[in-house]
1. So how much slack lies between Gln57 and Tyr85, counting 0.36 nm per residue of separation and subtracting their Cα-Cα distance, in nm?
2. Measuring from centroid to centroid over Cα atoms, what is the spacing of the range 101-121 and the range 153-209 in Å?
3. Greater than 21 Å separation of Cα atoms is the criterion. Which listed pairs, Lys63/Lys186; Lys123/Lys158; Lys158/Lys180; Lys37/Lys199; Lys248/Lys269; Lys63/Lys161, meet it?
4. Out of Gly183, Val76, Phe120, whose Cα points farthest toward the positive end of the dipole of the range 31-212 (charges: +1 Lys, Arg; -1 Asp, Glu; placed on Cβ)?
5. Please compute, over every Cα-Cα pair in the range 262-361, the percentage with a separation greater than 20 angstrom.
6. Full-extension gain between Asp124 and Ser490, please, as 0.36 nm times their residue separation minus the C-alpha to C-alpha distance.
7. For the modelled label position 7 Å from the Cα of Lys64 along Cα-to-Cβ, which residues of the range 114-148 have backbone nitrogen atoms closer than 19 Å?
8. If DNA, RNA and ligands are ignored and the probe is 1.4 Å, what is the ranking of His529, His131 by accessible area, most exposed first?
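The values are calculated or read from the model by the stated rules, or taken from the named source; none is laboratory data. The shown structure was predicted, so the numbers you read here are calculated from the model rather than taken from an experiment. All Cβ positions, even for glycine, are placed from backbone atoms using ideal geometry, and neighbour counts span all protein chains on display. Surface areas here come from the heavy atoms of the whole protein model, side chains and all, with no ligands, DNA or RNA. Shrake-Rupley method; radii C 1.70, N 1.55, O 1.52, S 1.80 Å.
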Amino acid sequence: FDFCQAEGKKRPSENLGQVLFGERIEPSPYRFTFNKKETCKSVCTKTYDTTKPEDKQKLDFLKKSMLLNYQHHWIVDNMPVTWCYDVEDGQRFCNPGFPIGCYITEDGRPKDACVINSEFHEKDTFYIFNHVDIKIYYHVVENEALGARLVAAKLEPKSYKHTHPDNPDCSGVPMDISNKANGEIKIAYTYSVSFEEEKNIRWASRWDYILESMPHTHIQWFSIMNSLVIVLFLSGMVAMIMLRTLHKDIARYNQMDSTEDAQEEFGWKLVHGDIFRPPRKGMLLSVFLGSGTQILIMTFVTLFFACLGFLSPANRGALMTCAVVLWVLLGTPAGYVAARFYKSFGGEKWKTNVLLTSFLCPGIVFADFFIMNLILWGEGSSAAIPFGTLVAILALWFCISVPLTFIGAYFGFKKNAIEHPVRTNQIPRQIPEQSFYTKPLPGIIMGGILPFGCIFIQLFFILNSIWSHQMYYMFGFLFLVFIILVITCSEATILLCYFHLCAEDYHWQWRSFLTSGFTAVYFLIYAIHYFFSKLQITGTASTILYFGYTMIMVLIFFLFTG
């Protein structure tokens, strides 16, 4: 964008999480001195001559960004500068950004932010917010050495057509750029800043006013209640089956032992000789289980820290950094779990197993990420990850994660294989004709619905915070939902496994993994719905990026639920 640049100032450095999320912080040409009031100070003036093609291109880019409601995000002392305005029923909404400008359509309808001022009424015209009134609130610290702390920064975007850009007076008509304007257009950028003491806000709770204006908590409680009902229903079902049916079955079997007529076995007792037959593609299953364990523990620990408040929005990029570092350090459980299961499936190729565990799933994620990055490079986006960071991520993966996976696998293979309580028969049983709901596909599709029902309201807020730049801070809720999701996944799987074992189908290993894992497919469908209903994304590159990143999330979610 062609706004005023800060000359000769160093860029602040970012941490790993910010770099991965594409947050770049630039120095600003707006200069403040504490408690020094400025009115209508000039920053710079930009002149566009529409007869020159490069100027016209810059101006068109500005117009397009106003049409799509692009936002400035400014930071003062690590606080977002917010634009607060009244919404219906007396609520104030504080937006952590403010629009570049706005557009009045050809039939005179104001779009987006143009509704704030009745002077914006010319048809087919863009109004650029080239002046800001910034108000900085501070809190004087009494008991320490003399000093004050900034507790809030708010601004009002304004639009003025300054008659003398070199000596601006900040009054008069708004700065309009007609869509059909020709010749020379001058945009002068100015600002006013004032300081006000605010005794009531403490420095520690200075984020609260932004979070309070995000009016979502009642939906959250509703969704938690909804999820808890599902969990109670499932737990009831599982408990009933476990206690009543199994108890009855076992009582009947014990009775038979005494009467010596154990000829007519039925239900799940029939498949006891085949239940521990190693699954087809046991190698892949063990690798998936290893990676899934790694992701499960990573999510648990990250959310736990987030609940304790270490990863609040004030620590920029902390969430992502924490997750990546944990994922790298959790190579050992991945290798161990994969090795244990592979050994109990009777696998011999342990080298292949270790290599796949360390490279298959991370490799897919990294390849996807790398392709997305190439697209961002090609588009010249600031969110593209610099080459140094890519090398750093590869180093973390190859030098820390892979050796740790090998150590885990070494211990996994050294232990004895998991002992099975019954011997496996030489000859596999015939599986009888299955009814509709015990067939593999319908069972798997049904299994994903319940876990997805628990999380879909949270998903909406998470997707909003990733794609619509809203703050996400409800980690307490998220942790609760995470626990509920874990319980629902396991219980739904136990139920469906019980049904198809009773129907004498003993291929349970893959089915138990995929029954919960199918939640990820519902997640994908929801993400596609979100893309078409909520986001106004235009352009091929942006669409590819959205679906590229969504596929990474879906894969991680698949391994985690499975």
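1. Contour length minus Cα-Cα distance gives 6.8 nm.
2. If you average the Cα positions of each part, the centres end up 17 Å apart.
3. With Cα atoms farther than 21 Å apart: Lys158/Lys180.
4. Of the options given, the answer is Gly183.
5. 54 percent
6. Contour length minus Cα-Cα distance gives 126.0 nm.
7. 125-128
8. Largest accessible area first, the residues go His529, His131.
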